[in-house]
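Everything on this sheet refers to the single structure shown next.
Values in this text are rule-based calculations from the coordinates and carry no lab data. Here the structure is a predicted model, which means the values were calculated and not measured. We place every Cβ from the backbone using ideal geometry, glycine too, and count neighbours over all the protein chains shown.
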Amino acid sequence: MRALLFVPLALIALAALGAGICKLIGVQPGMRELALGVAICLVASGLATVPTILVRGSSQYAQSQAALAGTVIHLMTAAGAGGLALIQLKPGPSFVYWLGGMYWTSLIVLVVCLVQSVNSAPVDQAKPSTPPKN
């Protein structure tokens with residue numbers, strides 16, 4: 001699945017861009033918090049692709065339901081792991097901002113890949129019903 005390649009590339013590009021801009025304007029980027037946000041979103045995106053991989057080759061209907069389940073898994077994993085990280089690891093205040101940026105970036109790339117997989121799936125044609133007999 002393309003998301004397994006494109007999501008990490010997008011997250012690495014965003015992390016490099018964000019850290020570079022922070023250094024450029026003289027703000028500490030919080031590299032620990034940045035790495036934690038990237039790691040959480042990478043795991044969430046990886047788990048989100050599992051339903052789509054399981055229904056590979058199925059109809060558009062099955063692919064769309066798997067894509068919906070994948071986005072829910074992505075949200076719940078990112079929110080749960082982010083909350084757990086806040087409680088257990090006590091990262092700095094920049095963690096919430098990094099996690100938010102990484103979440104939305106990974107979600108956008110993931111949804112684009114999921115929509116492409118739904119569009120490339122075969123359409124399940126409904127069988128025509130027989131007319132009622134009089």
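If the chain linking residue 119 and residue 24 were pulled fully straight, counting 0.36 nm for each residue of separation and taking away their Cα-Cα distance, it would gain 30.0 nm. Between residue 12 and residue 59, take the C-beta separation as r, use R0 = 35 Å, and let me know the FRET efficiency to the nearest 0.05. Computed FRET efficiency for residue 12 and residue 59 comes out at 0.55. If you wrap the tightest convex hull around every Cα atom of the stretch 1-47 and split its volume per residue, you get 44 Å³. Look at 104, 98 and count the other Cβ atoms within 10 Å of each Cβ; fewest to most, that gives 104, 98. D by Stokes-Einstein for the chain, Kirkwood Rh over Cα pairs, 4 °C, 1.567 mPa s: 79 µm²/s. Can you list which of the DSSP-assigned H helices in the chain have a Cα extent of 30 Å or more along the long axis and an average Kyte-Doolittle score of at least 0.0? Once both thresholds are applied, what remains is 3-25, 60-88, 94-120. Based on the Stokes-Einstein relation at 25 °C and a viscosity of 0.890 mPa s, and on the Kirkwood radius from alpha carbon pairs, the stretch 18-78 is assigned a translational diffusion coefficient of 184 µm²/s.
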